[in-house]
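Working notes for the structure below.
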Amino acid sequence: MVSVSGEHYFSQNPESALRTTPLQLTLRGHQVTLRSASGTFSPGSLDAGSAMLLKYAPQVPAKGTFLDIGCGWGPLAISLALEAPDAAVVGIDVNDRALETARANAEHLGLNNTHFSQPEGVDPALSFDLIWSNPPIRVGKAELHQILATWLPRLSPKGQAWLVVAKHLGADSLITWLNSGEPGDFDAERVETSKGYRLIRVTKSLPLS
């Protein structure tokens with residue numbers, strides 16, 4: 001997505017004037033009001049891919065450390081925090097305005113189990129029991145692969161990642177790449193297809209006995 005000013009949602013410091021939009025949303029059964037922001041991913045509405053992940057991803061663990069890759073203004077990370085108040089939820093993004101908006105949304109809801117930061121602000125020793133992501137496909141294939149090859153290996157041994165990717169933007173080829181061994185030893189499979197999106201589950205491959 002590119003704004004009318006030519007900015008991408010993955011720009012670190014959007015230069016366009018800040019405009020926020022209040023949104024009444026139902027996130028995994030929780031009725032909330034969040035704000036989206038101009039210059040971020042999907043300003044003005046919940047992206048259809050994120051909505052698909054929220055609808056079809058299974059119930060999350062009650063505890064653990066969770067990660068949202070490319071959190072934007074926060075709907076997925078906040079959904080995780082609402083569903084699992086005893087979990088620690090980390091949201092990462094390169095867009096400072098998105099991070100500021102996500103923090104404000106979490107604060108508005110009184111959530112104290114979220115942390116939003118640039119990727120380099122995450123403890124490198126931290127592993128994740130659950131990863132959700134509507135990944136930034138439009139950064140390009142090479143950059144997307146680098147992002148996923150950086151974060152998916154940080155799944156805990158029994159952790160799962162759930163990715164939502166549009167079919168026409170290469171969801172099936174991404175599954176092939178995830179299973180190729182290049183990003184690590186993973187098993188990736190399509191779990192659901194809806195409205196042009198694939199929901200992909202990624203787990204670490206079990207060692208041969």
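The values are calculated or read from the model by the stated rules, or taken from the named source; none is laboratory data. The structure presented is a predicted model; accordingly, all values stated were derived computationally and were not measured. Ideal geometry is used to build each Cβ from the backbone, glycine not excepted, and the neighbour counts take in all protein chains shown.
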(message) Looking only at the range 34-85, filter to residues that are over 15 Å from the mean Cα position of the chain (by Cα) and among the charged types (D, E, K, R); which one of those is nearest to residue 168 (Cα to Cα)?
(response) 35
(request) Would you please name the residue that is surrounded by the most Cβ atoms within 10 Å (Cβ to Cβ), looking only at residues in the range 174-201 that are assigned to a loop (DSSP other than H, G, I, E, B) and modelled with pLDDT of 95 or more? (result) 183
(request) Search the range 43-70 for residues that are over 27 Å from residue 18 (Cβ atoms) and pair each with any residue that is among the aromatic types (Phe, Trp, Tyr) when their beta-carbon atoms are under 6 Å apart and the residues are at least 6 apart or on different chains. (result) 52/197; 57/162; 65/128
(request) Examine the range 136-151 for a residue that is more than 21 Å from residue 182 (Cα to Cα), in contact with an Asp or Glu (Cβ under 9 Å, 6 or more places away or on another chain), at pLDDT 95 or above and not acidic (Asp, Glu), and state whether such a residue exists. (result) no
(request) Tell me which residues, restricted to the range 190-207, are touching a helix residue (DSSP H, G or I) at 6+ places or on another chain (Cβ under 7 Å) and free of Cβ contacts under 8 Å to residues at least 24 places away in the same chain. (result) 190
(request) Working carefully through the options 106, 84, find the one that is surrounded by fewer than 24 Cβ atoms within 10 Å (Cβ to Cβ), farther than 14 Å from residue 133 by Cα and in contact with a Ser or Thr (Cβ under 6 Å, 6 or more places away or on another chain). (result) 106
(request) Being outside any loop (DSSP other than H, G, I, E, B) and among the hydrophobic types (A, V, I, L, M, F, W, C) is the filter; apply it to the range 102-119 and report the residue that is farthest from residue 64 (Cα to Cα). (result) 104
(request) Starting from the range 161-173, take each residue that is in a helix (DSSP H, G or I) and list its partners that are modelled with pLDDT of 95 or more and β-branched (Val, Ile, Thr), counting only C-beta distances under 8 angstrom and pairs at least six apart or across chains. (result) 167/193; 171/165; 171/200
(message) Can you pull out every residue in the range 128-155 that is touching a Lys or Arg at 6+ places or on another chain (Cβ under 8 Å) and of a type in the set (D, E, K, R)?
(response) 129
(message) Looking only at residues that are of a type in the set (Asp, Glu) and part of a helix (DSSP H, G or I) in the range 120-160, which one is surrounded by the most Cβ atoms within 10 Å (Cβ to Cβ)?
(response) 143
